[in-house]
Amino acid sequence: MIYPLRFVLRLMGFTLLVTLCLPAAVSVTITSNPIGRVFTVDGAGCGAGGFAAPQALSWNPGANCTVTFVSPHSTQIGTQYVFAAWQDGPTANPRVIVTPGQPATYTANFTTQFFLTAGADPPAGGTVSGGGWYSLGSTASLNATPSSGYHLVDWTLQRLRNRVPFLPAS
């Protein structure tokens with residue numbers, strides 16, 4: 001929608017009516033999957049700032065607005081969210097969005113990851129490798145190497161929450 005801006009210029013007894021047609025701001029919603037991820041916006045006509053998704057913003061049509069999601073982003077110990085792609089296809093983060101002439105929604109998709117800590121008990125009994133960040137639904141491969149005089153008895157899982165199934169292969 002375009003709104004006319006009118007003003008009158010009076011000069012030496014003459015009156016001049018000037019009309020400028022300016023586009024109205026457009027509602028652009030930035031959201032994330034899962035919701036709650038944080039992002040920044042930068043650019044002229046974009047309402048720069050920091051936000052949490054979902055957020056409805058008013059941008060000027062045609063403005064080049066840069067949206068940058070924080071990635072990886074963590075809200076609790078042992079869990080992080082990593083930017084994967086935009087729902088409409090682009091994989092860039094940050095992303096420059098040219099503001100359309102009508103309301104629009106852009107969704108950023110994230111992969112949820114969990115941190116796996118692995119160690120021997122007692123610590124002098126050897127080493128365990130393979131810990132680190134793992135995506136939800138992926139398989140973690142751990143390798144136990146006993147120190148001289150020790151041997152692997154079993155695997156034990158200590159969980160902060162009952163979200164991760166534990167199925168030892170051997």
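Using a probe of 1.4 Å, the accessible surface attributed to residue 148 totals some 120 Å² when neighbouring protein chains are kept in position. Ranked from largest to smallest solvent-accessible area, with a 1.4 Å probe on the protein heavy atoms, 157, 152, 136 come out as 136, 152, 157. Averaged per residue, the range 32-98 has 49 square angstrom of accessible surface, using a 1.4 angstrom probe with ligands and nucleic acids left out. Expressed as a whole percent, the accessible area of the range 53-161 that falls on carbon and sulfur atoms is 52 (1.4 Å probe). Between residue 35 and residue 109, the distance separating the two model label sites (each 7 Å from Cα on the Cα→Cβ line) works out to 1.9 nm.
The values are calculated or read from the model by the stated rules, or taken from the named source; none is laboratory data. The structure displayed is predicted, hence computed values, not measured ones. Here Cβ is always computed from backbone atoms with ideal geometry, including for glycine, and neighbour counts include all displayed protein chains. In case anyone asks, the SASA skips ligands and DNA or RNA and just uses the protein heavy atoms, side chains included. Shrake-Rupley method; radii C 1.70, N 1.55, O 1.52, S 1.80 Å.
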